[in-house]
Structure formats: C-alpha cells, structure tokens
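Down below is the structure, laid out as structure tokens.
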Amino acid sequence: FALRYHSGCHHCSRDNLPKMTNKLILNYLGDAVIYSSDLALLDCPNSWLNSDLIHFHFLRLQNEPNLVVGSVVVKSGKEDAADSRGEYSNIDCLFLDPTVISFIMHQLDESDEDEVSSLTSAWNLSPPNDADVTQQNIKRIFLPINDEHQSSRMNCTPGQHAGGSHWSLLVIDIITTTSKNNETKPKIQFYSFDSHHGYNISAAKAVANKMYSLFQHHYSSLQKDDAITRVNVIECQALQQSNGYDCGVYTLGFAEALLRLSNDRSGNNNGLLDVKAIEAAFTSYMNDMGGQMHFASNLRRRIGDDIRKLADINSPN
C-alpha cells in the first residue's frame with residue numbers, strides 16, 4: 001500500500017458547533033448517545049470524527065449479530081472452525097470504548113485490585129476450559145487510539161471528550177490453547193494500524209504497555225513478566241488517508257475489514273493475523289466499499305444512515 005502525505009487531522013467536536021444543533025438523536029443500547037451535531041460530522045465530508053461516533057460504531061460491530069459490512073454479513077461473537085490438524089480455533093472479538101481507554105490511561109489506579117478485576121472481568125478474557133478437544137482460542141480486542149493517550153495523567157481533565165488530533169487502531173490478540181481443565185500461558189500480540197503511518201505509534205505503545213499490565217492481573221502466568229520487555233507493537237502496513245480529517249473513518253474501516261477477516265475462516269492462517277491475510281482483507285474490503293477514493297464518503301454515509309434508521313428519522317432531502 002503506497003503511503004500518502006498526511007498533514008494532521010482536523011479536530012471537530014460537538015463543543016465546536018452551535019448549541020442549537022445539539023438535539024438528541026439516538027441513545028443506542030443505553031450506552032452510545034448521538035446528537036444531531038454528531039450526525040453533522042458524518043454528513044460534512046471534511047470533519048474529524050469524535051469519540052462518540054467511534055464508540056457508537058464499535059458498539060454496532062460488537063452487538064449486531066448480522067451486521068452487513070459492504071456485501072458481507074459479519075458477527076463479532078465467537079466463531080468456531082476446524083483447522084487442518086483437527087484442532088479447533090475460537091475467535092472472540094471485543095470492541096472497547098474510547099473513553100474506557102482514556103480512563104485506563106489517565107485515571108485507573110492499578111493498586112486497586114477490585115477496580116482492576118471488575119474491569120478485566122467484564123472483558124471475558126478467559127475461554128471455557130471444559131472442551132473435550134484441544135482448542136486454540138483468540139480473544140481479539142479492538143482499541144481506538146487517540147494521540148492524547150500518550151499524555152500524562154496530570155495533563156488530562158476527567159470528564160472531557162478525548163482530545164488529541166489523530167485516531168488509529170490497536171488490535172490485541174490473546175492466544176491461548178485449552179484442553180479439558182487445562183489452559184496454557186497466553187501469547188499476547190499487538191498490532192497497530194495507522195492511516196498516517198507512525199503518527200500514533202507512541203500512543204499505541206503506551207496503551208499496549210498499560211493493557212499488558214492489566215493482563216498480568218488477570219493471568220497468573222504473566223505475573224512475573226516485565227511488560228517493557230514483553231510488549232512489541234507490530235506496525236502493520238495499512239491504507240493511508242490523503243487528507244487531514246478522515247483518520248477516524250479509516251480507523252473504523254480497519255476495524256470492519258479485520259472483523260470480516262476474523263469471520264473468514266477459509267484461508268487466513270486459522271484466524272491469526274499475518275501480512276498476507278491483512279493485505280487481502282484490506283483489498284477485499286476497499287473493493288467492496290467502492291475503492292479507496294470513495295471508501296470514506298461511503299462509510300460516512302452508511303453510518304449516518306444507520307443512525308437515522310435506528311432513530312427512526314428520515315435522511316435530509
């Protein structure tokens with residue numbers, strides 16, 4: 001994929017728009033709240049997506065059992081498939097809220113075991129271990145990364161929207177092999193997908209190290225590991241934006257393409273991410289979205305139409 005020049009993303013949020021535009025449009029699953037000003041960010045082709053829109057679409061990818069992405073119906077839940085050795089592989093996808101990541105980076109007290117346990121328990125990190133056959137299990141976690149995540153706790157004001165100027169995607173694969181009443185030490189891999197290659201790598205590494213530290217609380221076999229030496233974020237070659245405002249759209253597109261890959265068990269290295277599988281997934285996805293020239297506008301339109309449909313309102317004439 002050829003790299004294209006990127007001059008930085010234009011930050012636009014609900015707070016920058018007139019208050020009269022802030023009509024409540026949708027409260028999705030009692031979790032993602034969308035206002036008309038958020039919808040305006042999708043309708044305006046050169047606006048930067050905010051954390052509310054990222055969270056809404058991640059919730060859609062997480063919770064809709066048969067969501068159509070391009071021409072492909074995808075599922076985020078656990079998928080089982082036999083590999084050539086007769087073993088079984090499960091992929092369970094999890095999409096995290098941008099505000100949860102900000103909380104982890106700037107407010108979470110890791111010395112509070114109850115708080116950490118409550119957080120990681122909600123992620124269902126451990127697969128069932130009562131299988132009669134050996135299983136390879138992959139917990140695939142999608143994290144939207146903002147460059148403000150690398151800032152210090154002291155520079156963060158609790159309760160504010162995510163600041164920063166650029167979105168990218170971090171994917172974490174937690175790979176375990178289980179047999180009846182037995183689970184191996186997990187192998188944890190980190191992948192960064194950035195539409196401005198390298199721009200968010202410091203933030204991605206900061207989040208990866210923090211997440212690994214949380215995994216140490218959950219997996220006893222990781223307790224003595226040094227996160228600094230264990231965490232390696234792989235910078236994956238990803239499609240590049242050609243403007244200063246579509247980073248959020250590309251982040252959602254990367255997530256959709258990789259979710260499709262997670263569902264496609266025909267030839268993607270039994271669910272594992274590798275260069276060939278990722279390249280094929282991105283190519284297929286972009287072709288399905290009308291090509292890279294039209295991808296961003298088509299995805300903005302689809303998400304906007306999705307919101308309007310859920311809110312039972314008509315698209316503007």
message = At a 10 angstrom cut-off on C-beta neighbours, averaged per residue, how do the peptides 112-125, 200-213 rank from highest to lowest?
response = 200-213, 112-125
inquiry  = Could you put His218, His149 in order of accessible surface area, largest first, with the 1.4 Å probe and the full protein assembly present?
reply    = His218, His149
inquiry  = Ranking request for peptides 291-303, 251-263, 185-197: highest mean number of other beta-carbon atoms within 10 Å first, then the rest in descending order.
reply    = 251-263, 185-197, 291-303
request  = For Glu235, enumerate residues with amide H under 5 Å from its amide H, sequence gap 5+ or separate chain, H modeled in the peptide plane.
outcome  = Ser192
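The values are calculated or read from the model by the stated rules, or taken from the named source; none is laboratory data. Keep in mind it's a predicted model, so treat the numbers as computed, not measured. All Cβ positions, even for glycine, are placed from backbone atoms using ideal geometry, and neighbour counts span all protein chains on display. Please note that ligands, DNA and RNA were not included when accessible areas were found on the heavy atoms of the full protein model with its side chains. Shrake-Rupley method; radii C 1.70, N 1.55, O 1.52, S 1.80 Å.
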